[in-house]
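Encoded as structure tokens, the structure appears first; notes follow it.
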Amino acid sequence: MGKNLQSRERLRPVDLAREHGLSTQAIRNYEEAGILPAAGRTPHGYRTYTPLHAGALRAFVALTPGHGHQTATSIMRAVNQGAVDEAFRFIDESHAQLLDDRRTLQAVESALLELAPTRASELESTTIPGTDGTFIGPLAGKLGIRPATLRKWERAGLVRPRRDPGTGYRIYDQADVRDARLAHQLRRGGYLLEQIAPLIAQVRSAGGLEPLEAALSDWRGRLSARGRAMLAGAAELETYLRESGPPRADRAFEGEDTH
């Protein structure tokens, strides 16, 4: 079937470009990157494409939103080189990353439930009189960890206690306590400090936990959109695989392309 498609109709670079709002240079770049099979050439050196090339371009354009440009390129290059199993490996890795992102989101959401405002009173007994802060020992005790752990988290940027001017002791205010509790929940979930740090930064930039809930909702929506995009990309890729048959890497005509 792929051979029939290649001989049935000749297309110009502009014909492929128009369908997706691309430039003809982009089409040439995609061919050079291996996203498209090698084009045929006229005796005068002009590139000629077929519906098979159009199918490859549709597959690439459909794969990109779900897998990203780099992975979509790797998938199409592998397919066009006949390494279909390698293409499937790239797809599997991309799905695994999406699953890992979903698990991270679930871990953050679970941690937020553990940090419900109704539990804030648990640390009230450790508050330093006349301040809204607490010392490292009482905080560590309430969290069930060692003070050395809190110091390690401070070096990793997860908590940022201020120092008492007179004694030099660390004082953890309400935001620090929040960050320590969130870090604690995520560590219990198996997350590394370098994975937790950007999440703590998101909490700070959002101005607290409640604003972060909107960000998490947006995050959830983007993960769902990626999942659907992967399905759409898989459908177009399957169509291309059916139509292409054994991949062809030959050129109908060799010659310098100056057009």
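If a residue has to be surrounded by fewer than 18 Cβ atoms within 10 Å (Cβ to Cβ), at pLDDT 85 or above and in a helix (DSSP H, G or I) to count, how many in the range 161-200 make the cut?
The total comes to 5.
Consider P65 against the criteria (1) buried (at least 19 other Cβ atoms within 10 Å of the Cβ); (2) within 29 Å of R222 (Cβ to Cβ); (3) touching a helix residue (DSSP H, G or I) at 6+ places or on another chain (Cβ under 6 Å): it satisfies all of them except one. Which criterion is unmet?
Only one criterion is unmet by P65, namely (1).
I'd like the residue in the range 127-144 that is among the small types (G, A, S) and closer than 11 Å to I171 by Cα and, out of all such residues, is modelled with the highest pLDDT. Steps first, answer last, please.
Just the residues of the range 127-144 that are among the small types (G, A, S), to begin with: 130, 133, 137, 140-141, 144.
The next check asks that each one be closer than 11 Å to I171 by Cα; those that pass are 133, 137.
Numbers: G133: 82, G137: 92.
So the residue we want is G137.
The values are calculated or read from the model by the stated rules, or taken from the named source; none is laboratory data. If you're wondering where the values come from, they're calculated on a predicted model, not measured in any experiment. Cβ atoms come from the backbone with ideal geometry, glycine included; neighbour counts cover every protein chain shown.
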